[in-house]
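One structure is given here, and the rest of the page talks about it.
The values are calculated or read from the model by the stated rules, or taken from the named source; none is laboratory data. Quantities reported herein were computed from a predicted structural model and do not represent experimental measurements. Reconstructed Cβ throughout: ideal geometry from the backbone, glycine too, with neighbour counts over all protein chains shown.
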Amino acid sequence: MRKMMVLVVFAFTQVSFADFASELLQASDFGRGGFKKGVSWKSKVVSVEDGETNEREFNVRSLDHDAYVEALSPARSRGEIYIFNDRNMWFYKPSLRKPLAISPRQKLSGQAANGDIASTHYARDYGAVLERTENLKGEKVHVLLLTAKSNNLTYDQIRYWIVDRTKLAIKAEFLTLQGKAFKIGEMEYQNQIKIDGKVVPFVSRLTVVDAQFPENKSIIEYTAPTLVDLPSSLFNVNNLSR
Amino acid sequence: MSARLFWLLAAKNLIRNRRRTLATGLAVVFGYVGLVLLSAYIFRAYMSLRTSAVYLNQKAHIAVMKKDSLTQFPAKPKLFILSSTEQKWIRDELALFKDQIEFSSSFLSGTGLLSMNGKAAPVSILGLEPKEYEMMLNHPMMRKWAPDWIARSSKTAAEELVKDAHGISITNLLAQALDIENRDIGSDAQLVTKTFFGDLGVGEGRIRAHHTTGIMLLEESSVIVPLPFMQELLATEGVEYVGIFLNDIGDTPSIATKLRADLGVGFDIWTYDSESWSPMFVGNMNFLAVMAILFVILILGAVTLSLVNTTTLNVLERTRELGTLRAIGFAPEHLLQIFRRETFLLISGSLLTGLLTAELVVAFVNNLNIRFKPPGTQSDVQFLLIIHFVAVAIMALLVMAMTMMATEYVVRRKNSNRIISLLTDAGG
């Protein structure tokens, strides 16, 4: 009887931790555009790779799990469009007759992958397990291990640091299937956005560094996040074909 | 003692010892036939391999590229591309050799994805100039030395790419991987690469033909497109290398040397027979050379030993005859002259017989139309023997030289004996 009680308490604890991890993850998505209303922002990606720097700018419009990303600069990329439709990703440019299916894992620029420029819905796409709680930059943070629920996501595994006080993610280690970190990301939240009368922090910068060659990095700067009404037809890839 | 007398005595001696003459002659005939057939095989293999390396594998007679591009281009194409300015330098330099150059052509390669029918496959893409590509495949040297090394489909691919600036040629295995069959020729496809700016490069084209590379490793990934299409995909005006095709392959070393001097240290100039540039051709030729040397040594060794053996027996059995000739006034040098002439007549006759026999064997084998598929060929090729008369003459001279030396050695040793010893010698 006693053993049964211990087992039940243990199982309940595990379930509680799992729920806690999922709730943390869902809350952290908010800070990176993962909400059900339409939102738009501009992203500037500055990448340094092997001593060379290049910059790209995008206009991002996101609604729930969908995103419409339009390249603004450099001039040669103007008119290029990336559409995130559920977990599928498409690329289109005016010279193409129909859009091309691409992978969110593909490199966009430097250390930034295609999947990095849209909003984040880790709660939907990843299973979360609480690894530990620790101190980071003077804050109590929970370290979650996220495992991809399907194999067409940007990353297979992510180790995610979420601040207990703000419920915002401030650090991420992007892991290989073997659990080795190949990229490290750090997030800042200097932006704010008003949702349902409440002002909430919004990501302002994501710095992604190559774990093996730290001199290679990409900085994604987010500006002007705004709530907007977006029609669902915007994210219909069939509307892109000539 | 006249030369005519020596020839007469030599001929009569050969006729007198018919059995030994026949045995020795046959040894030389078979040995020489072996050498001629070996040289015929190697000559054909060399010409076919060389021709296919230059034209079919697009190595050209001379290739000009950026320094270290051969090893570095795949990893850092942007750094090792030949820019428009550099291409102009090269073209200006090639104008100096316009009488010696048949044509030149540019090439650019990369990797990417081929997307079609909702499926995608990783591919190696080669961008080339379609008209020049067609010239390479239909070149007179290819028609003469390697006509069956190219699949018909590859020639069709070249013709189709000339007509369509966004044409795409893929291999059959790639078509299978993408669930494409021949009826999808003309269907749309998309090629995806990374441009030199690091952006996504996407181009739309049409499947125009199926080609084959002859190399299993490439059969699952090879795609050929017109050069401008490839440049569009990579967002560049550059090329990977410029291939130069000469009127006379013999001009290769001199032109290559001049290009190295004029273009300077910023460029690598490779010739079709450079091991780094053309490893398959050079590797095959090294193997054939080793094999040839081994067989020539074996055959010549066997023939020479046989000659030494029979000549020794010949001299030993005729010791008293030699003593008699010496006694009636023939000097040792005269006896040597007779034996030399005997050997010369025997070997000449044997070589001629051997050559005629070899020609018959070559005609017979070629008529059999034996087919096989060596690596690097796009279809079955015929096992052909082609006699090259310079090689045949060299072999003949080698055999003659070895046998004359054997005769010299044996006869001189016996000749050094005194007349009385020769006359009383029991022949042992």
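When B:Thr85 is tested against (1) among the polar types (S, T, N, Q); (2) touching a residue at least 12 places away in the same chain (Cβ under 8 Å); (3) surrounded by fewer than 21 Cβ atoms within 10 Å (Cβ to Cβ), only condition (2) is not met.
Checking each residue in the range A:138-162 for being over 19 Å from A:Gly115 (Cα atoms), surrounded by fewer than 17 Cβ atoms within 10 Å (Cβ to Cβ) and touching a strand residue (DSSP E or B) at 6+ places or on another chain (Cβ under 7 Å) picks out A:Glu139, A:Lys140. Taken together, the residues in the range A:71-126 that are assigned to a helix (DSSP H, G or I), among the hydroxyl-bearing types (Ser, Thr, Tyr) and within 12 Å of another protein chain (Cβ to nearest Cβ) amount to 1. Taken over the range A:42-68, the residue count meeting the criterion of being more than 12 Å from chain B (Cβ to nearest Cβ) and either of a type in the set (Val, Ile, Thr) or assigned to a strand (DSSP E or B) (or both) is 14. Is it true that B:Ile215 is among the aliphatic types (A, V, I, L, M) and at pLDDT below 95? Criteria met by B:Ile215.
Here's the yes/no breakdown for (1) of a type in the set (Ser, Thr, Tyr); (2) at negative phi; (3) without any contact (Cβ under 8 Å) to a residue 40 or more places away in the chain; (4) in a helix (DSSP H, G or I):
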site: B:Leu325; (1), (2), (3), (4): no, yes, yes, yes
site: B:Thr343; (1), (2), (3), (4): yes, yes, no, yes
site: B:Glu359; (1), (2), (3), (4): no, yes, yes, yes
site: B:Ala363; (1), (2), (3), (4): no, yes, yes, yes
site: B:Asn366; (1), (2), (3), (4): no, yes, yes, yes
site: B:Val392; (1), (2), (3), (4): no, yes, no, yes
site: B:Leu398; (1), (2), (3), (4): no, yes, no, yes
site: B:Glu408; (1), (2), (3), (4): no, yes, no, yes
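Restricting A:Arg132, A:Arg165 to those that are more than 17 Å from the chain's Cα centre (by Cα), surrounded by fewer than 18 Cβ atoms within 10 Å (Cβ to Cβ), away from every other protein chain (no Cβ under 14 Å) and in a loop (DSSP other than H, G, I, E, B) reduces the list to A:Arg165. With respect to the stated conditions, B:Asn417 is modelled with pLDDT under 85 and surrounded by 12 or more Cβ atoms within 10 Å (Cβ to Cβ).
Return yes or no: is A:Thr226 surrounded by fewer than 19 Cβ atoms within 10 Å (Cβ to Cβ) and either in contact with a Gly (Cβ under 7 Å, 6 or more places away or on another chain) or aromatic (Phe, Trp, Tyr) (or both)? Answer is no for this residue.
Would a scan of the range B:237-260 turn up a residue that is over 21 Å from B:Lys78 (Cα atoms), surrounded by fewer than 21 Cβ atoms within 10 Å (Cβ to Cβ) and either touching a Lys or Arg at 6+ places or on another chain (Cβ under 9 Å) or within 14 Å of another protein chain (Cβ to nearest Cβ) (or both)? Yes, the conditions are met somewhere in the range B:237-260. Checked against (1) part of a helix (DSSP H, G or I); (2) surrounded by 15 or more Cβ atoms within 10 Å (Cβ to Cβ); (3) not hydroxyl-bearing (Ser, Thr, Tyr), B:Phe330 passes all but a single condition, namely (1). Taking the stated definitions as given, is A:Phe35 assigned to a loop (DSSP other than H, G, I, E, B), more than 11 Å from chain B (Cβ to nearest Cβ) and among the hydrophobic types (A, V, I, L, M, F, W, C)? For A:Phe35, the condition - assigned to a loop (DSSP other than H, G, I, E, B), more than 11 Å from chain B (Cβ to nearest Cβ) and among the hydrophobic types (A, V, I, L, M, F, W, C) - is met. Can you say whether B:Met47 is assigned to a helix (DSSP H, G or I) and of a type outside the set (Val, Ile, Thr), as far as the supplied structure shows? Considered against the rule, which asks whether it is assigned to a helix (DSSP H, G or I) and of a type outside the set (Val, Ile, Thr), B:Met47 comes out as yes. Please enumerate the residues belonging to the range B:275-294 that are buried (at least 17 other Cβ atoms within 10 Å of the Cβ) and more than 14 Å from the chain's Cα centre (by Cα). Correct list: B:Trp277 only. When you look at B:Ser69, is it out of contact with any Asp or Glu (no Cβ under 9 Å at 6 or more places or on another chain) and either at pLDDT 90 or above or farther than 30 Å from B:Trp145 by Cβ (or both), yes or no? The answer is no for B:Ser69.
If I filter the range A:202-219 for residues that are surrounded by 14 or more Cβ atoms within 10 Å (Cβ to Cβ), under 19 Å from A:Asp64 (Cα atoms) and at pLDDT 90 or above, do I get at least one hit? Yes.
Among the residues that make up the range B:373-381, is at least one of them part of a helix (DSSP H, G or I), at negative phi and in contact with a helix residue (DSSP H, G or I) (Cβ under 9 Å, 6 or more places away or on another chain)? Checked against the condition, which is being part of a helix (DSSP H, G or I), at negative phi and in contact with a helix residue (DSSP H, G or I) (Cβ under 9 Å, 6 or more places away or on another chain), the range B:373-381 yields no hits at all. Only one of the numbered conditions (1) under 30 Å from B:Met280 (Cβ atoms); (2) loosely packed, with under 15 Cβ neighbours inside 10 Å is violated by B:Val362, and that is (2). Taking helices (runs of 4 or more DSSP H) as the structural unit, those lying wholly within the range B:123-234 and holding at least 3 residues that are more than 14 Å from chain A (Cβ to nearest Cβ) and touching a helix residue (DSSP H, G or I) at 6+ places or on another chain (Cβ under 8 Å) correspond to B:130-137, B:140-145, B:152-163, B:172-177.
Is it fair to say B:Phe295 is in contact (Cβ under 8 Å) with a residue 60 or more places away in the chain, aromatic (Phe, Trp, Tyr) and over 16 Å from B:Leu35 (Cα atoms)?
no
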